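Here is the structure we will look at, set down as structure tokens.
Derivation of every value follows stated rules applied to the coordinates shown; laboratory data play no part. These figures come from a predicted structure and were not determined experimentally. All Cβ positions, even for glycine, are placed from backbone atoms using ideal geometry, and neighbour counts span all protein chains on display.
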Amino acid sequence: MAGVGWGAPTEFKFNGIIIPEEKVPEWKPSMINQQYQDDIYVEMTFLKTLEDHGLDVSIRQAGIDFANSQYRLWHANRYGRENLRSGIAPPYSGHPEYNAHADDIDYQIEADYSGLIAPGMPQTVIDLGDKFGRLMNYGDGVYGGQFVGAMYAEAFFEIDITKIIKAGLACIPAESQYAEAIRDVLNWHKENPGDWQKTWQLIEDKYNLNHEYRKFSCNGTATDFNIDAKLNGAYIVMGLLYGEGDMDNTIIVSMRCGMDSDCNPSNAAGILATSLGIENLPEKYKTGIDNTTKFSFTAYDFPSLLKVCEALSRDAVVKAGGRIEKNTEGIEEYVIPIQRLVLAPLEQCWEPSKIVGDVNFTPEEMEKITVIQGENTE
């Protein structure tokens, strides 16, 4: 909430350029409350689906619930939801054949939930991404969310930022362009540890200006707008690496990279906060939170959001073969199993898998979708 609130005034106002230092907004306490941002509210639909139907919920039920959401959406989210409402069932609602935005940032910005409810359980994160990420994305668009979610899962038990990033990388296909982008940023940071703007330029040259890395950009190869997951994912990693464990610096560097400059600091800040723990956060990020207003068109205010995340994390630990027990002081602890990672074969939007079988919801499933196609409500 802090990352998106601070970066919101700059979103897509600085494209293909670094935000000048004097253009960075001044932090205001009201920025902590972000009940009306898609970076925040979309994943609450996923949480409600999991709360209502359990961790084994089908992708088709997840699609029905997302189709019935009523908040405003853009890009892959919007067209994925429109596909669902028109009868195209998941995972085809996010397939490049039906969604020209499938490589966009959308699941990446709303994957935080997957790591927050799966501490130390990266395979759980991967599985959640294959279910909820495919409602609107495909290929790198899904990998971005799995990468972000896996960094959260690792951050519960790790303070070394490079190790957190590498743990995220382990959860996506190494041969994907997304993974290549993250490896590049890690290497360029090593080469330029004190000059983030030099690394920014290397990212710009390869991932914004080079058409080979814009093969499925929803806006073609226009350099003044790029909502591709891997470019913006690189900016998340920029904030984490060059922020050096400082929350303000992490948000500011990620923001100053430009493009989707509220989503990216939101992810970076959330991952760092998970690593630091709430007791180590600056006070300004812990005060003034609105505990009564529900997030846009969702079932949750802030306290109930905390409760559902804790409840689902308990379910996830037990489902993975772990347990919850009390230590000698009577304090509950999670006993978390080490998961063996199982990755699916590489998929990329410009070389998608063939459509096989019926892509449509059944008539019975369509009866459960009650929101009219074309509504972008709020």
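Based on the alpha-carbon gyration tensor of region 77-160 and its eigenvalue square roots a ≥ b ≥ c, which shape applies: rounded if a/c is under 1.5, prolate if not and a/b is larger than b/c, or oblate? It is prolate, given that a/c is not under 1.5 and a/b is the larger ratio.
Neighbour counts of other C-beta atoms within 10 Å: give me H95, H53 arranged from fewest to most. The fewest-first ordering by Cβ neighbours comes to H53, H95.
Once you have a ≥ b ≥ c as the square roots of the Cα gyration tensor eigenvalues for region 2-366, tell me rounded if a/c is under 1.5, and otherwise prolate or oblate according to whether a/b is larger than b/c. Rounded, since a/c falls under 1.5.
In plain terms, the chain from S58 to N249 could stretch by 64.7 nm, reckoned as 0.36 nm per residue minus the Cα-Cα distance.
When each of the peptides 126-136, 337-347 is scored by the mean number of other C-beta atoms lying within 10 Å of its residues, the order from highest to lowest reads 126-136, 337-347. Take the Cα of K286, step 7 Å toward its Cβ, do the same at E367, and the gap between the two points is 5.2 nm. For region 2-366, the relative contact order comes to 25 percent (Cα pairs under 8 Å, sequence separation of at least 6).
If you sort the three axes of the alpha carbon gyration tensor as a ≥ b ≥ c, you get a/c of 1.5 or more for region 1-89 and a/b above b/c, which makes it prolate.
Footprinting exposure proxy ranking of Y213, Y207, Y178, fewest other C-beta atoms within 10 angstrom first, gives Y213, Y207, Y178.
Which residue fluctuates most in the GNM of the chain (Cα springs below 10 Å): E82, E333, E97? Greatest mean-square fluctuation among the candidates belongs to E333. Each peptide in 57-69, 105-117, 182-194 gets a packing score, the mean of other Cβ atoms within 10 Å over its residues, and the list from highest to lowest is 105-117, 57-69, 182-194.
If I stretch the segment between A311 and Q35 completely, what's the gain in nm (0.36 nm per residue apart, minus their alpha carbon distance), one decimal? Going from the current span to full extension adds 97.2 nm.
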